[in-house]
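Working notes, beginning with the structure itself.
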Amino acid sequence: MSSMQDFIKHHRRLLVLLKSCSTTPSLRNTKPLHALTIILGPNPNQPIFLYNNVVSLYSSLGELLSARKLFDTMPDRNVVSFNTIISAYSRCGYAEEAWSMFLDMRNCGFRPTPITVSGLLSCDLLNICEGIQLQALAVKNGLLFADAFVGTALSGFYSRHGCLSESVCAFEDMPRKSIVTFNSMISIFGQHGFTEYSMVLFRELVRMEVPLSEYSFVGVLSGVLSERDLEIGEQIHGLVIKNGFDYNVLVVNSLINMYVKCSGIRPAIKMFEEVPTRDVVSFNTIIGALLKSEKLERVVELFLRMSMDAVLPNQTTFAHVINSCAGLQNLMCGKSIHAKIIKNALECDVVVGSALVDFYAKYDNRED
């Protein structure tokens, strides 16, 4: 076998490994694959492909420094290289870096694609002026209506900036709307308190006989937040069961939150107890509701139950439990929770730290 055949064979094996690693990314596996990519060198037939895959793996792991370092040292780049790094920065909220890479991309002569535009528009910290520029660019290049993801991202962008009218216009102007587009707009109406409009779109989805996803239910439930909406919430709950999503943890958490807001703590606890799978959001929703209802001992009980269910608490959990200990004036319990906070390296979190200061202040023991 010739050296060139060996070269191609090794690249194919590396490509298989990269694809396998992309399904369940881990830094432990990515670094050796990165090293192999450098050792083998670029494939003459696919000079950038392997490098793009490694950049994508680093990006999916949130290892932006490693992704950018590899990007900067690549022997060549294409539009996929730029899209990968732009999307990574956008996803992690680095709007300035994402925008800078976008400008570099254009300076290098690459035309933006729907992935470029939708990736940038999805960045939470992208400012309104940059978003308007992107919209104009998308219109000029025929990208706005060529891909549902661009219109969906534009609608979400305007919603995040409080521009609901522009968000609705972006949705209505789209000639083709996907289930993702509908789910996004349903959620936008719900988050802005327009429950009726959210329900209109949700009913339209049902009428179209489009297979609903968990995000359809999560979106519509986000707007069901008051006692007068309880009947609507119960109807949606019925559809959840009918469509087989009553075991989906995202949907279950939305239902628990809906019952907390619309009918109080008891129906929410009943829902919580009946579901087979719970995560930290499920526990936090109920713990927060119990704290608000001043059922402080139940808060501590539920916190202790989390470890039995192998659910790890987060900063929201600890803040709620410390506030309960303050209300109970239980110094020993509070100190025990404080020890767990230190163990979980959350003592410097702003919300947790504030709860701890308030707790110890009640005992005039700030030096602890």
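The values are calculated or read from the model by the stated rules, or taken from the named source; none is laboratory data. Just so you know, these numbers come straight off a predicted model, no measurement behind them. With ideal geometry, Cβ positions are generated from the backbone for all residues, glycine too; neighbour counts draw on all protein chains shown.
A few points about this structure:
- Taken as a whole, the range 143-151 holds no residue that is of a type in the set (Phe, Trp, Tyr), surrounded by 22 or more Cβ atoms within 10 Å (Cβ to Cβ) and part of a helix (DSSP H, G or I).
- Listed conditions (1) within 21 Å of Ser187 (Cα to Cα); (2) modelled with pLDDT under 95; (3) not in a loop (DSSP other than H, G, I, E, B) are all met by Ala138, apart from (1).
- Taken together, Leu201, Leu250 contain a single residue that is outside the structural domain of Ser324 (by TED's automatic domain parsing) and more than 21 Å from the chain's Cα centre (by Cα), which is Leu201.
- In the range 81-112, the residues that are part of a loop (DSSP other than H, G, I, E, B), more than 23 Å from the chain's Cα centre (by Cα) and on the phi < 0 side of the Ramachandran plot: Cys108, Phe110, Arg111, Pro112
- Residue count for the range 113-128 under the criterion of being over 26 Å from Gly162 (Cβ atoms), in a helix (DSSP H, G or I) and more than 20 Å from the chain's Cα centre (by Cα): the result is 0.
- Scanning the range 97-109 for residues that are in contact (Cβ under 8 Å) with a residue 12 or more places away in the chain and surrounded by fewer than 18 Cβ atoms within 10 Å (Cβ to Cβ), we see that the one that is farthest from Ser59 (Cα to Cα) is Cys108.
- Of residues in the range 49-71 being out of contact with any Ser or Thr (no Cβ under 6 Å at 6 or more places or on another chain) and among the aliphatic types (A, V, I, L, M), the one surrounded by the most Cβ atoms within 10 Å (Cβ to Cβ): Leu70
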